[in-house]
1. Return the residue satisfying two criteria in turn: it lies in segment 112-149 and is more than 30 Å from S31 (Cβ to Cβ) and assigned to a helix (DSSP H, G or I), and of such residues it is modelled with the highest pLDDT.
2. Scan segment 18-34 and report the pairs whose first residue is closer than 18 Å to I111 by Cβ and touching a residue at least 24 places away in the same chain (Cβ under 8 Å) and whose second residue is open to solvent by 40 Å² or more (accessible area, probe 1.4 Å) and of a type in the set (K, R), with Cβ atoms within less than 7 Å and a gap of 6+ or a chain change.
3. Give all pairs with beta carbons closer than 9 Å in which a residue from segment 37-64 that is under 11 Å from L78 (Cβ atoms) meets a residue that is of a type in the set (S, T, Y); count only pairs at least 6 apart in sequence or on separate chains.
4. If you check L152 against the conditions, is it under 23 Å from A24 (Cα atoms), among the aliphatic types (A, V, I, L, M) and either surrounded by 12 or more Cβ atoms within 10 Å (Cβ to Cβ) or out of contact with any Leu (no Cβ under 6 Å at 6 or more places or on another chain) (or both)?
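The values are calculated or read from the model by the stated rules, or taken from the named source; none is laboratory data. Note that the structure is a prediction, hence the values are computed from the model and not measured. All Cβ positions, glycine included, derive from the backbone under ideal geometry; neighbour counts span all protein chains shown. Please note that ligands, DNA and RNA were not included when accessible areas were found on the heavy atoms of the full protein model with its side chains. Shrake-Rupley method; radii C 1.70, N 1.55, O 1.52, S 1.80 Å.
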Amino acid sequence: EFVAPTHVKLPNRSLRIHSPRQEAMLMASISTFGFLTPIVVDDDLTVVTGELRVQAARKLQIEQIPVLRVSHLSRIQLEAFRIADNKIQEHGTWDEPALRDALADALAHDIDLEALGFTIADADVVLAEPLAADLDDVVTPPATSLLRPADLFILGPHRVLCGDAFAATAYAALMGATK
(Lines give C-alpha, C1' and ligand atoms only; values in the text may rest on other atoms or scores of the structure.)
Protein backbone atom coordinates (compact mmCIF):
# COMPACT_ATOMS: atom_id res chain seq x y z
CA GLU A 1 0.00 0.00 0.00
CA PHE A 2 1.04 3.64 -0.26
CA VAL A 3 0.95 6.06 2.66
CA ALA A 4 2.24 9.52 3.46
CA PRO A 5 5.68 9.34 5.10
CA THR A 6 4.36 11.53 7.91
CA HIS A 7 1.87 8.76 8.82
CA VAL A 8 4.66 6.22 9.29
CA LYS A 9 5.99 6.02 12.85
CA LEU A 10 9.70 5.66 13.56
CA PRO A 11 10.70 2.90 15.99
CA ASN A 12 11.52 3.71 19.61
CA ARG A 13 15.17 2.75 19.07
CA SER A 14 17.35 2.77 15.99
CA LEU A 15 19.60 -0.22 15.35
CA ARG A 16 21.81 1.73 12.96
CA ILE A 17 23.47 5.12 13.22
CA HIS A 18 23.31 6.98 9.93
CA SER A 19 25.63 9.82 9.01
CA PRO A 20 24.40 12.99 7.32
CA ARG A 21 26.51 11.92 4.31
CA GLN A 22 24.67 8.59 4.09
CA GLU A 23 21.33 10.39 4.32
CA ALA A 24 22.39 12.79 1.53
CA MET A 25 23.43 9.85 -0.64
CA LEU A 26 20.09 8.12 -0.06
CA MET A 27 18.22 11.33 -0.88
CA ALA A 28 20.23 11.65 -4.10
CA SER A 29 19.41 8.04 -4.96
CA ILE A 30 15.70 8.52 -4.33
CA SER A 31 15.73 11.75 -6.33
CA THR A 32 17.45 9.99 -9.24
CA PHE A 33 15.62 6.65 -9.30
CA GLY A 34 12.42 7.26 -7.34
CA PHE A 35 11.27 5.63 -4.12
CA LEU A 36 11.48 1.97 -5.18
CA THR A 37 12.07 -0.01 -2.00
CA PRO A 38 9.03 -0.46 0.23
CA ILE A 39 9.24 0.23 3.94
CA VAL A 40 8.40 -2.77 6.11
CA VAL A 41 5.95 -1.70 8.83
CA ASP A 42 3.86 -3.38 11.50
CA ASP A 43 0.07 -3.11 11.81
CA ASP A 44 0.43 0.30 13.52
CA LEU A 45 2.62 1.67 10.66
CA THR A 46 5.74 1.59 12.85
CA VAL A 47 8.88 1.05 10.78
CA VAL A 48 10.47 -2.39 11.01
CA THR A 49 13.01 -1.76 8.23
CA GLY A 50 13.60 1.39 6.21
CA GLU A 51 13.87 4.07 8.87
CA LEU A 52 16.42 6.16 6.93
CA ARG A 53 14.32 5.93 3.77
CA VAL A 54 11.33 7.31 5.69
CA GLN A 55 13.42 10.21 7.00
CA ALA A 56 14.74 10.91 3.48
CA ALA A 57 11.20 10.83 2.05
CA ARG A 58 10.08 13.35 4.65
CA LYS A 59 12.96 15.70 3.84
CA LEU A 60 12.28 15.33 0.10
CA GLN A 61 8.58 16.02 0.83
CA ILE A 62 7.45 12.90 -1.02
CA GLU A 63 3.69 12.60 -0.73
CA GLN A 64 3.32 8.80 -0.81
CA ILE A 65 5.76 5.96 -0.15
CA PRO A 66 5.28 2.23 -0.59
CA VAL A 67 4.92 0.21 2.58
CA LEU A 68 4.63 -3.51 3.19
CA ARG A 69 2.48 -4.06 6.26
CA VAL A 70 3.47 -7.23 8.12
CA SER A 71 0.79 -8.68 10.37
CA HIS A 72 1.69 -12.37 10.55
CA LEU A 73 4.71 -11.94 12.85
CA SER A 74 4.70 -11.26 16.58
CA ARG A 75 6.34 -8.15 18.03
CA ILE A 76 9.40 -10.28 19.01
CA GLN A 77 9.59 -11.84 15.52
CA LEU A 78 9.42 -8.39 13.91
CA GLU A 79 12.29 -7.16 16.09
CA ALA A 80 14.27 -10.30 15.26
CA PHE A 81 13.62 -9.75 11.54
CA ARG A 82 14.75 -6.15 11.94
CA ILE A 83 18.07 -7.33 13.40
CA ALA A 84 18.48 -9.97 10.67
CA ASP A 85 17.70 -7.50 7.88
CA ASN A 86 20.41 -5.16 9.13
CA LYS A 87 23.00 -7.82 9.91
CA ILE A 88 22.78 -10.32 7.03
CA GLN A 89 23.77 -7.79 4.37
CA GLU A 90 27.08 -7.23 6.19
CA HIS A 91 28.19 -10.74 5.23
CA GLY A 92 28.11 -10.08 1.49
CA THR A 93 30.99 -8.82 -0.60
CA TRP A 94 31.14 -7.15 -3.98
CA ASP A 95 31.92 -9.09 -7.13
CA GLU A 96 34.72 -6.65 -8.01
CA PRO A 97 34.78 -7.15 -11.83
CA ALA A 98 30.97 -6.98 -12.06
CA LEU A 99 30.86 -3.88 -9.84
CA ARG A 100 33.64 -2.23 -11.86
CA ASP A 101 31.70 -2.82 -15.11
CA ALA A 102 28.38 -1.69 -13.66
CA LEU A 103 29.90 1.44 -12.11
CA ALA A 104 31.70 2.32 -15.35
CA ASP A 105 28.43 1.90 -17.28
CA ALA A 106 26.54 4.11 -14.84
CA LEU A 107 29.20 6.82 -15.01
CA ALA A 108 29.28 6.61 -18.82
CA HIS A 109 25.56 7.47 -18.74
CA ASP A 110 26.07 10.43 -16.37
CA ILE A 111 24.55 8.77 -13.30
CA ASP A 112 25.64 10.76 -10.26
CA LEU A 113 28.05 8.92 -7.94
CA GLU A 114 26.18 10.13 -4.86
CA ALA A 115 22.97 8.57 -6.19
CA LEU A 116 24.87 5.29 -6.32
CA GLY A 117 26.10 5.68 -2.74
CA PHE A 118 29.73 6.15 -3.82
CA THR A 119 32.22 8.90 -3.15
CA ILE A 120 34.80 9.83 -5.78
CA ALA A 121 37.43 8.02 -3.72
CA ASP A 122 35.25 4.88 -3.55
CA ALA A 123 34.77 4.94 -7.31
CA ASP A 124 38.48 5.47 -7.94
CA VAL A 125 39.28 2.36 -5.92
CA VAL A 126 36.66 0.25 -7.72
CA LEU A 127 37.58 1.49 -11.18
CA ALA A 128 41.32 1.02 -10.70
CA GLU A 129 42.55 -1.91 -12.75
CA PRO A 130 43.69 -4.78 -10.53
CA LEU A 131 47.41 -5.39 -10.53
CA ALA A 132 48.42 -8.47 -12.46
CA ALA A 133 50.55 -10.67 -10.24
CA ASP A 134 53.07 -12.39 -12.47
CA LEU A 135 55.25 -14.38 -10.10
CA ASP A 136 57.99 -14.65 -12.73
CA ASP A 137 58.49 -10.88 -12.52
CA VAL A 138 58.86 -10.76 -8.73
CA VAL A 139 62.28 -9.47 -7.74
CA THR A 140 63.91 -11.19 -4.79
CA PRO A 141 65.49 -8.61 -2.49
CA PRO A 142 69.17 -8.94 -1.69
CA ALA A 143 70.11 -10.78 1.49
CA THR A 144 71.53 -7.58 2.97
CA SER A 145 69.88 -4.23 2.47
CA LEU A 146 71.67 -1.13 1.33
CA LEU A 147 69.24 0.95 3.40
CA ARG A 148 69.81 1.70 7.05
CA PRO A 149 67.44 3.20 9.61
CA ALA A 150 67.54 7.00 9.46
CA ASP A 151 68.49 7.09 5.75
CA LEU A 152 66.71 10.12 4.32
CA PHE A 153 66.09 10.66 0.61
CA ILE A 154 65.07 14.00 -0.91
CA LEU A 155 63.09 13.48 -4.11
CA GLY A 156 62.17 16.93 -5.39
CA PRO A 157 59.56 18.25 -2.96
CA HIS A 158 59.21 14.79 -1.37
CA ARG A 159 61.11 13.23 1.52
CA VAL A 160 61.39 9.48 2.13
CA LEU A 161 62.84 8.13 5.37
CA CYS A 162 63.83 4.60 6.28
CA GLY A 163 62.59 4.35 9.85
CA ASP A 164 59.83 3.60 12.31
CA ALA A 165 56.71 5.66 11.57
CA PHE A 166 55.75 5.51 15.24
CA ALA A 167 59.06 6.92 16.50
CA ALA A 168 58.96 10.63 17.23
CA THR A 169 62.62 11.00 16.22
CA ALA A 170 61.98 9.40 12.82
CA TYR A 171 58.97 11.63 12.27
CA ALA A 172 61.00 14.72 13.19
CA ALA A 173 63.79 13.65 10.83
CA LEU A 174 61.31 13.11 8.01
CA MET A 175 59.36 16.33 8.49
CA GLY A 176 62.23 18.62 9.44
CA ALA A 177 60.87 22.08 10.28
CA THR A 178 57.58 21.38 8.46
CA LYS A 179 54.56 20.88 10.68
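1. It comes out as D137.
2. Close Cβ pairs (under 7 Å, with a partner that is open to solvent by 40 Å² or more (accessible area, probe 1.4 Å) and of a type in the set (K, R)) amount to L26/R53; M27/K59.
3. Note: pairs meeting the criteria are V40/T49; V41/T49; D42/S71; D43/S71.
4. Spelling it out, it is not the case that L152 is under 23 Å from A24 (Cα atoms), among the aliphatic types (A, V, I, L, M) and either surrounded by 12 or more Cβ atoms within 10 Å (Cβ to Cβ) or out of contact with any Leu (no Cβ under 6 Å at 6 or more places or on another chain) (or both).
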